[in-house]
1. Mind checking which residues of the stretch A:58-105 are of a type in the set (Lys, Arg) and in contact (Cβ under 8 Å) with a residue 60 or more places away in the chain?
2. How about the stretch A:90-105: which of its residues are in contact with a Cys (Cβ under 9 Å, 6 or more places away or on another chain) and in a strand (DSSP E or B)?
3. Filtering the stretch A:79-105 down to residues that are among the hydroxyl-bearing types (Ser, Thr, Tyr) and surrounded by 15 or more Cβ atoms within 10 Å (Cβ to Cβ), which residue is farthest from A:Leu11 (Cα to Cα)?
4. Restricting the search to the stretch B:71-110, which residues are away from chain A (no Cβ under 14 Å), of a type outside the set (S, T, N, Q), surrounded by 14 or more Cβ atoms within 10 Å (Cβ to Cβ) and within 15 Å of B:Met47 (Cβ to Cβ)?
5. How many residues are polar (S, T, N, Q) and not in a strand (DSSP E or B) if we restrict to the stretch B:81-117?
6. Only residues that are within 9 Å of another protein chain (Cβ to nearest Cβ) and at pLDDT 95 or above: list them for the stretch A:88-102, please.
7. Only one of these conditions is not met by B:Thr78: (1) in a helix (DSSP H, G or I); (2) within 11 Å of the chain's Cα centre (by Cα). Which number is it?
8. Look through the stretch A:42-69, keep the residues that are assigned to a loop (DSSP other than H, G, I, E, B) and in contact with a strand residue (DSSP E or B) (Cβ under 8 Å, 6 or more places away or on another chain), and return whichever of them is surrounded by the fewest Cβ atoms within 10 Å (Cβ to Cβ).
Amino acid sequence: GENVEQHPSTLSVQEGDSAVIKCTYSDSASNYFPWYKQELGKRPQLIIDIRSNVGEKKDQRIAVTLNKTAKHFSLHITETQPEDSAVYFCAAERMDSNYQLIWGAGTKLIIKP
Amino acid sequence: GAVVSQHPSWVICKSGTSVKIECRSLDFQATTMFWYRQFPKQSLMLMATSNEGSKATYEQGVEKDKFLINHASLTLSTLTVTSAHPEDSSFYICSARDWGGNTDTQYFGPGTRLTVL
């Protein structure tokens with residue numbers, strides 16, 4: 001079955017610098033890869049997603065890249081701000097059953113002022 | 001984005017009682033909803049997939065008789081934790097799949113924190 005690995009588990013960056021979080025997936029048939037941001041005690045919020053027919057997608061300071069051959073995708077946050085501090089989860093859509101998402105373990109992003 | 005509500009946001013109950021949690025899609029119809037459990041500082045653990053008008057599909061290791069799921073309408077799914085015990089204390093989150101046209105996205109409810117005494 002599908003497996004998603006996410007690295008690093010914790011990432012600390014200086015405010016204004018860039019942050020990159022990476023995920024790899026195992027099922028080459030997966031074709032949808034969302035990223036969610038979860039603040040403490042709150043619901044996961046979709047921040048960006050990408051489908052396998054494109055290699056990159058950008059939304060202001062956030063971008064996602066996808067390498068289908070290597071089966072990995074990355075989240076890039078530029079010009080980080082204190083409000084970017086949260087846990088970020090990547091996911092891959094499981095193709096064999098009901099559009100379930102297989103989740104990465106999460107990355108705690110800490111923005112240092 | 002689409003809106004998903006969840007009720008109650010928190011509940012405290014005695015061991016042995018049952019607790020019902022509701023998940024509603026407010027501005028779209030959701031034929032598929034998902035129920036997750038999340039432990040502190042951990043990722044989301046899928047418990048079951050709820051499909052409108054049919055039986056839920058449970059993940060391995062999740063007791064279907066303990067976690068009853070009903071998806072009777074296109075906007076409502078319920079999770080009932082039966083005969084709750086302290087080990088069932090957790091953060092339960094639902095999500096609803098919004099699809100159609102160019103959209104196919106899961107939106108999450110705010111979660112329910114269950115504490116079983």
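The values are calculated or read from the model by the stated rules, or taken from the named source; none is laboratory data. Please read these numbers as outputs of a predicted model, since none were measured by experiment. Glycine gets a Cβ as well: all are built from the backbone with ideal geometry, and neighbour counts include every protein chain shown.
1. Scanning the stretch A:58-105 gives a single hit, A:Arg94.
2. Of everything in the stretch A:90-105, those that are in contact with a Cys (Cβ under 9 Å, 6 or more places away or on another chain) and in a strand (DSSP E or B) turn out to be A:Cys90, A:Ala91, A:Ala92, A:Trp103.
3. Per the criteria, the residue is A:Tyr99.
4. Result: B:Leu79, B:Val81, B:Ala84, B:Asp88.
5. Of the residues in the stretch B:81-117, 4 are polar (S, T, N, Q) and not in a strand (DSSP E or B).
6. Narrowing the stretch A:88-102 to residues within 9 Å of another protein chain (Cβ to nearest Cβ): A:89, A:91, A:93, A:97-102.
A:Phe89, A:Ala91 - these are the residues of the stretch A:88-102 that are within 9 Å of another protein chain (Cβ to nearest Cβ) and at pLDDT 95 or above.
7. Of everything listed in (1) in a helix (DSSP H, G or I); (2) within 11 Å of the chain's Cα centre (by Cα), B:Thr78 misses just condition (1).
8. Within the stretch A:42-69, the match that is surrounded by the fewest Cβ atoms within 10 Å (Cβ to Cβ) is A:Val54.
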